[in-house]
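What follows draws every value from the coordinates through simple rules; no lab data is involved. Quick caveat: nothing in here was measured; it's all calculated off a predicted structure.
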Amino acid sequence: MTLMTRRMAGASGFAFFFAASMIDAQEPQTIRIRGTIENIDGPKLAIKARDGSTIQVKLGDNARITAMVKATVADIKQGSFIGVTAMPQPDGSQKAIGLHIFMDAQRRGSGPLYSLGPRARQHDDQR
């Protein structure tokens, strides 16, 4: 292989990896945050995460905002779309530690749910 050929191959490889990293860098990363809003300044939020850190977030123009409200088992109706967060038990069963009643617009395909803990598992179903 001549010196010129090696340089061309090296430059081509570098250009390929540079282009691939640029494409990857353009993909927005989704992060999920669960915490308490400490401050609001227009579209900017300061959120205290469960680990105690403060995270600065700027809301996009079309940000999806949801809220959790207290409900009872009586609020679950036939056809309700629910999510259950459960912890594994020593006998292999699951113990529900949270139940979420979703709006009809939040049915399957809306993405993963928030975690209530490192060992918690989430399941969704229509009842």
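The alpha-carbon of LYS58 sits under 16 angstrom from the alpha-carbons of these lysines, leaving out residues fewer than 8 places away in its chain: LYS44, LYS48. Working note: Karplus 6.51/-1.76/1.60 with θ = phi - 60° gives region 97-102 the couplings 10, x, 9, 10, 9, 9 Hz, where Gly and Pro are set to x.
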